[in-house]
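Here the structure comes first, spelled out in structure tokens, and everything after it is commentary.
The values are calculated or read from the model by the stated rules, or taken from the named source; none is laboratory data. All values reported here derive from a predicted model rather than from experimental measurement. Positions of Cβ are generated from backbone atoms using ideal geometry, with glycine treated the same way; all protein chains shown enter the neighbour counts. We work out accessible area using only protein heavy atoms, side chains counted, and drop any ligands, DNA or RNA first. Shrake-Rupley method; radii C 1.70, N 1.55, O 1.52, S 1.80 Å.
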Amino acid sequence: MYSIDDLKTFVAIADAEGVTAGARRVGISPATASHRLAKLEAALKLTLFHRNSRALKLSDEGQIFFERTEAILADLAQAERDAGSGAAELRGLVRATMSPWILSRFILPRLPDFLQSHPQMRIEFLAVDRFVSLSGEGQDCAIRVGKLSDSALVARKLSDNDRIICASPDFLARYGTPATWQDALDLPWICLPWQTRLSFTDAKGKRQDATVQATVLVSNSDTLTEAVTQGLGLSIKSRLAVQAELDAGAIVEVATGSLWQAEAPIWFVYPPEGRSASKTELFGRFVSGCFN
């Protein structure tokens, strides 16, 4: 029969893809780790790893057992915390999705301190500029920008934010500074693929839709920012995404107040319950601090 320590050792070895590194994570010798792994495989009558001279790789059966075991250990740790022992450290994987600019500008700079404080945690980021269904794509949580649609997800506001029209000083020196959104329509634009149809506010405060001339299309928000600073055209950006460039004068806001419903708050969203609830809540507290 195997023990909880055997399961913890197995998960550590799988995480580290090696006996020696896994043993180091749980504070035992490689010989003890190897013994625990062999005992576990014998009890299960399964080969959990494919072995070669360089590393261990989970077998198909091992991958299934790893995912279930990791969840069980997380539930056990939560039970210990709920019972008041306070001794269990949160561990395991959190999958989070967000735009590349949020990850690069707000999360990554503070991530080393978070991981140092929680060495048993692992984070997998899906950094894309599109809507991601948490359930459909296996994500535990998301950071979203803008008005939220009605859903069963829990939403926590991280920061105020708005969208602006902006360009580099060099671009404006060549083409002139548009005073209104109508002036801006005649100039080159850089856009994400779904940004060419925009909504503006007219002089009477009503919505007006228009298509801009997209000279350059890019699929990544960080690349879009770089293209704007290089003087390739006008663009729509979240203010928080380019605050550093605005402060440095590398880009300039133009046609201020022209965008229809420009408010675009930043939200942390996650399911109200689930196996990863404790880990997600911990990650959410970390994320909140990144915007303060």
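General remarks:
- A simple spin-label model places the labels of residue 207 and residue 226 3.5 nm from each other, with each point 7 Å out along Cα-to-Cβ.
- By the Cα gyration tensor, segment 159-292 has an equivalent ellipsoid whose semi-axes, rounded to whole angstrom, run 32, 17, 14 from largest to smallest.
- Solvent-accessible surface (1.4 angstrom probe) belonging to residue 20, in square angstrom, nearest 10: 80 Å²
- Per principal axis, descending, Cα span of segment 227-292 in whole Å: 47, 26, 21
- Heavy-atom accessible area per residue - the chain, 1.4 Å, Å²: 52 Å²
- Flagged links, alpha-carbon separation over 22 Å, of 157/279; 157/206; 237/279: 157/206; 237/279
- Within the accessible area of the chain (1.4 Å probe), percent carbon and sulfur: 50 percent
- Candidate residues 237, 39: accessible-area rank, largest first, probe 1.4 Å: 39, 237
- Solvent-accessible surface of protein heavy atoms, probed at 1.4 angstrom with all chains present, puts 93, 115, 58 in the order 115, 58, 93, largest first.
- Electrostatic tally near residue 6: other residues with Cβ closer than 12 Å to its Cβ, Lys and Arg +1, Asp and Glu -1, net +1.
- Counting heavy atoms of the protein chains alone, residue 35 has an accessible area of about 120 Å² for a 1.4 Å probe.
- Prolate/oblate/rounded call for segment 194-271, Cα gyration tensor, a/c under 1.5 rounded: rounded
- Net +/- balance of residues flanking residue 42 in space, Cβ distance below 15 Å, scoring K and R +1, D and E -1: 0
- Available extension along the chain between residue 170 and residue 130 is 11.4 nm, counting 0.36 nm per residue and deducting the alpha carbon span.
- Percent of Cα pairs exceeding the 19 Å cut-off, where the set is segment 122-181: 54 percent
- Rg/Rh for the chain (Cα atoms only, Rh after Kirkwood) is 1.11.
- When the Gaussian network model of the chain links Cα atoms closer than 10 Å, the mean-square fluctuations of 32, 201, 280 top out at 32.
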